[in-house]
Amino acid sequence: MKKKIYLIQPTYRDQNGTLLKGKKLYVISLALPALSATIPDDWEKEFCYEYFDEINFDSDASVIGISSMGYEIFRWAEIADEFRKRGKIVIFGGFQPHISSDFLDNHCDSVIHGNPGVADMSKILSDIELNSLQKEYFCKTDINYKFDYSVLDTDRVIFTPVLSSVGCCNNCSYCCIASIYKGKYHLRNLKHLYEELESLHRSTKYIAFVDTNFYNNREYLIKICNEMINRKYNFIWGAQCTIEIGDDIETLSLLKKANCKVLFIGMESINQQNLDEVNKKYKADSYQRKIKNIHNAGIKIASFFIYGLDNDTIHTAGQLS
């Protein structure tokens, strides 16, 4: 067999069945840069972000790896079925295959759970060579290596993604991340993050921390901010975090000094009963104070809500506005 893997991040179809395509995205998944860095040196690699480019169904790769966000799951199946018709080995990875492995089972040869690092990926590809590929692999969470940003064209992405952690300290009942990590999180070795930031500041001005919760660990976040300040990076950037950061004036000040412009915050509801019933541990009556503190620090907020929880009424949308 040819030792070559084709890594694909699919796009998805709109309501008319048309594949969503374009020339630029605000931000993009880090799946392909992370996976590329785990592939052994004796394997060739090919890549495709389907949003930008056409999939090469005539690729001479023997292994097809597909990983992306949940809403592309049906497109995954289409792509996988086409490659399997051509005799390719297809493996799925990412959050959605972990959750929907029963649905995807008939469309692939193996489902990879977790965040495979170099050791796990070497094992998987070795099993393929030995014709002993397993239907499922349960990998440890390994993010402690430098990602391969060469596979990502920063000219096509407005905010280049960076990662400092996976998982979340919260365990909200509606969240796919909580269903996997159960209120736990994993921090990256800062050496790898700093190496990536040092390289990226030469090629782009805009980055986005794509952690589920950038405020998982306060001391760790403070280290990142101080490093960015000391190195005099001038990134324009944002991150996703929880509303509790609004009471941490010191950290908000550091975020501003590090040139953070916006925080993406899931508030979900202003009804306390709704928050309690979805295991969201925050108090709705504290939102106003915390929002004010964030704004006073000079940082904007992009807030997200879930409409349709059990205690919402026809008047809820008006209250949110």
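A 1.4 Å probe run over the protein chains yields, for the stretch 1-60, 52 Å² of accessible area per residue, whole-number rounding. For the chain, modelled as a GNM whose springs connect Cα atoms under 10 angstrom apart, the maximal fluctuation among SER303, SER132, SER179 occurs at SER132. Computed from Cα positions, the angle between helix 287-296 and the longest principal axis of the chain comes to roughly 90 degrees. Using only the C-alpha atoms, the convex hull of the stretch 173-218 corresponds to 104 Å³ per residue. The calculated P(r) of the stretch 58-198, using every Cα pair and 10 Å bins from 0, goes 10, 34, 38, 17, 1 in percent. Accessible surface for SER67 stands near 10 Å², nearest 10, in the context of the full protein assembly shown (1.4 Å probe). The GNM of the chain, with springs linking C-alpha atoms under 10 angstrom apart, assigns the highest mean-square fluctuation among GLN15, GLN240, GLN272 to GLN15. Under a model in which nothing but the beta-carbon of Lys, Arg (+1) and Asp, Glu (-1) is charged, the chain shows a dipole of about 1080 debye around its Cα centre.
Label separation (LYS146 vs ILE236): 2.8 nm, computed from points 7 Å beyond Cα along the C-beta direction.
For a straight C-alpha distance cut-off of 18 angstrom, the lysines reachable from LYS182 (same-chain residues fewer than eight places away being disregarded) are LYS140, LYS280, LYS281. For the stretch 194-245, the Kirkwood radius over C-alpha pairs fed into Stokes-Einstein at 37 °C and 0.692 mPa s yields D = 279 µm² per second.
How long are the three semi-axes of the equivalent ellipsoid for the stretch 110-267, computed from the Cα gyration tensor as the root of 5 times each eigenvalue, in whole Å, largest first?
For the stretch 110-267, the semi-axes come out at 30, 21, 13 Å.
Run through the stretch 46-126 and list the GluC sites (Glu not before Pro) located in a DSSP loop whose Cβ has at most 10 other Cβ atoms within 10 Å.
GLU54
The candidates PHE304, PHE214, arranged from most to least accessible area with a 1.4 Å probe in the full protein assembly, appear as PHE304, PHE214. Positive-end ranking of ASN311, ASN16, ILE91 along the dipole of the chain, with charges on Cβ about the Cα centre, is headed by ASN311.
Just so you know, the Cα atoms of the stretch 64-124 work out to an Rg and Dmax of 11.1, 30 Å. Carbon and sulfur together cover what percent of the accessible area of the stretch 1-70 at a 1.4 Å probe radius? Here it works out to 49 percent. As a quick test, which of the pairs LYS24/LYS292; LYS23/LYS292; LYS205/LYS256; LYS88/LYS123; LYS4/LYS123; LYS23/LYS205 have an alpha carbon distance above 26 angstrom in this structure? The answer is LYS24/LYS292; LYS23/LYS292. Working note: 222 nm ellipticity from helices only, DSSP H runs with n ≥ 4, each -39,500 (n - 2.57), summed and divided by the residues of the chain, gives -8500 deg cm²/dmol to the nearest 500. Summarised as an ellipsoid, the chain has semi-axes of 35, 24, 18 Å, derived from the eigenvalues of the Cα gyration tensor scaled by 5 and square-rooted, with the largest first. Heavy-atom accessible area, probed at 1.4 angstrom with all protein chains present, ranks CYS176, CYS241 as CYS176, CYS241, highest first.
So which trypsin sites (Lys or Arg not before Pro) in the stretch 201-260 end up in coil per DSSP with only 16 or fewer other C-beta atoms within 10 Å?
Loop-located and lightly packed - ARG202, LYS205, ARG231, LYS232.
Structural size metrics of the stretch 150-189, computed from C-alpha coordinates, are Rg and Dmax of 13.9, 37 Å.
Rank HIS192, HIS113, HIS295 by mean-square fluctuation in a GNM of the chain with C-alpha springs under 10 angstrom and give only the top-ranked residue. Residue with maximal mean-square fluctuation among HIS192, HIS113, HIS295: HIS295.
Rolling a 1.4 Å probe over the protein heavy atoms gives the stretch 229-279 an accessible area of 44 Å² per residue. Show log10 I(q)/I(0) for the stretch 218-321 at q = 0.09, 0.10, 0.24 Å⁻¹, two decimals, from a solvent-free Debye sum over equal Cα scatterers. Values, matching the q order: -0.27, -0.33, -1.26. At q = 0.25 Å⁻¹, what is the log10 ratio I(q)/I(0) for the stretch 243-299, with the Debye formula run over Cα points and no solvent? With one equal scatterer per Cα and no solvent, log10 I(q)/I(0) is -0.95.
Expressed as a whole percent, the accessible surface of the stretch 202-308 that belongs to carbon and sulfur atoms is 48, based on a 1.4 Å probe.
Phi angles across the stretch 178-193 convert, under the Karplus curve 6.51 cos²θ - 1.76 cosθ + 1.60 with θ = phi - 60°, into 3J(HN,Hα) values of 5, 5, 9, 9, 6, x, 10, 8, 10, 9, 7, 5, 4, 4, 5, 4 Hz, Gly and Pro given as x. Annotation for the stretch 50-135: trypsin sites (Lys or Arg not before Pro) lying in DSSP loop with at most 13 further Cβ atoms inside 10 Å of their Cβ are ARG86, LYS135.
The values are calculated or read from the model by the stated rules, or taken from the named source; none is laboratory data. Just so it is clear, the model here is predicted, and its values are computed rather than measured. All Cβ positions, even for glycine, are placed from backbone atoms using ideal geometry, and neighbour counts span all protein chains on display. All accessible areas refer to the heavy atoms of the entire protein, side chains included, with ligands and DNA or RNA removed. Shrake-Rupley method; radii C 1.70, N 1.55, O 1.52, S 1.80 Å.
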